[in-house]
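Before any comments, here is the structure.
Nothing in this text is a laboratory measurement; each read-out follows from the coordinates by a stated rule. No experiment lies behind these values; they were computed from the predicted model shown. Backbone-built Cβ (ideal geometry, glycine too); neighbour counts: all protein chains shown.
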Amino acid sequence: MAILLQHKYHIHVKMSKWADLPDLILSEIMRRLSFYNDFVIFGAICKSWRSVYSLENPPLAPRCPWLMLAEEKEQKSHTRVFVNLFDNKVYNFKLPELVGRKCIGTSFGWLLSVGTDFQVNLFHPLSKHLLSLPQPLFWNEDGNSKLDHLDYGDMFFEKCVLSRNPWNLVTHEYDCDCIIMVIYGNGRSLAFTRPGYKAWIDIPSHSGSISDIAFYKGKFYAVNCHGEAFVCHTDDDTPFIESIAPRPPATEEIIQMYIVESSGDLLVVSRFRGGHFFLEDDTEDEDSEDDIEDENIHESEGEGEGEDEEEKINDNPYVTIGFTILKLECSTKVRSRYKYKWVKVDSLGDQALFVGDNSSVSLSASSFNGCKANCIYYTDDYVEVFPFTLNGGGYDMGVFSVEDGEYKHHYEGESLSYFSTPLCF
């Protein structure tokens, strides 16, 4: 199929045969596409293929994430730039629907977009299908509230995860069983809604500061800024979250936490940053380490450092200096208050992780040419620091090798924004 799409301009020789393929066969071909450009080329081959493409509205989600760059400050054509991280090819899409809006990568090919007027949408860039969602919980009901890109960038939604595709490909209607879970506001709280709902449903939490969420085996799981894991109960009359795993031992570095399903396991990824924007944090973790399988669980966060890392820290206002990975396993300890414990993971095997301002994703690297196995692709999501930089966020992007601790760029250009930085989705 990839060869067919790459040579689309030579198809006219036997165009009638290609055009006569049954719609069912064409749909099956389309379901096996991996990249956004393949979908676009598919719809441009001929009239019958374009008809099948339009029926999948929105089309099926590509299996491989793309990098969407920040909005160009002087862009007059409303064009957004997309980059295939595996071959570095660049594509331009005219998307006026995203002008001046903060975007967050979700799943199934959708973006969550929020404007300074608090209008919230799920948007599918390929089909331009748009689903309006309720206004945020912190909306000022007098209708006069407006947000400034610099001062209130971190008041918007931080994460958005879908339980399933909100568009039912069989009925061609919105799926009311889809749960849209978000992290929102300065307190990093949880809330959810469904297609057709008129409001967000808040999920009370004593811990606060939720860093990431994932949908795993039919439930939403969350991790807070300390690494404590929770399961979300959304089916009850009063939704709540339950702590299921303790926080790992504390470290002096600044940490961003992610939670992601990978090869059937639930992983928590700790991201360590350094640079001249950071102050030392001398607080110590008082939680017991008995529920942690490896007491030296964070000792490798500095791997890959040295002179090159010192230079990188000096060149950029902040920089990622390491990752650690933990896996959730059932706890066998008697009388433990937690159902699960964390076990250190030294290798991702064939998997590659994608973390940042998006739903955290894991995929099989061997299924995609150019994808690096046992690596973590990351984008810049440290929104708290953006207002204090010269041109906004977007500095801290790259690929981290779990095997040798090396860092490489996955995009060589510069794409900065105070409001909506580059993201994978």
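Near Phe215: Cβ cut-off under 9 Å, other residues only, Lys/Arg at +1 and Asp/Glu at -1. The net charge is +2. Evaluated on region 314-425, the Kirkwood hydrodynamic radius is 15.8 Å, with distances taken between all distinct Cα atoms. Computed 3J(HN,Hα) for region 350-359, one whole-Hz value per residue from the Karplus formula 6.51 cos²θ - 1.76 cosθ + 1.60 where θ = phi - 60°, is 7, 7, 10, 9, 10, 10, x, 8, 7, 5, glycine and proline marked x. Each peptide among 196-207, 110-121 gets the average number of other Cβ atoms lying within 10 Å of its residues, and from highest to lowest they stand as 110-121, 196-207. Computed over neighbours whose Cβ is under 11 Å from that of Val231, the net charge equals +2, Lys and Arg +1, Asp and Glu -1.
The HN-Hα couplings worked out from phi for region 338-345 by the Karplus form 6.51 cos²θ - 1.76 cosθ + 1.60 (θ = phi - 60°) are 10, 6, 10, 10, 9, 10, 5, 10 Hz, whole numbers, x standing for Gly and Pro.
Bridge orientation summary for region 341-409: considering DSSP beta bridges with both residues in this region, about 70 percent are antiparallel.
Most tightly packed first, judged by the mean number of other beta-carbon atoms within 10 Å of their residues, the peptides 388-398, 317-327, 352-362 read 352-362, 317-327, 388-398. Report the net charge of residues surrounding Ser401, where surrounding means a beta-carbon distance below 9 angstrom and charges are Lys +1, Arg +1, Asp -1, Glu -1. So the environment of Ser401 carries a net charge of -1. Reported value for region 82-138: 99 Å³ per residue, from the convex hull of its C-alpha atoms. For region 350-425, applying the loop criterion from DSSP together with a ceiling of 16 other beta carbons within 10 Å to the GluC sites (Glu not before Pro) yields Glu403, Glu406, Glu412, Glu414.
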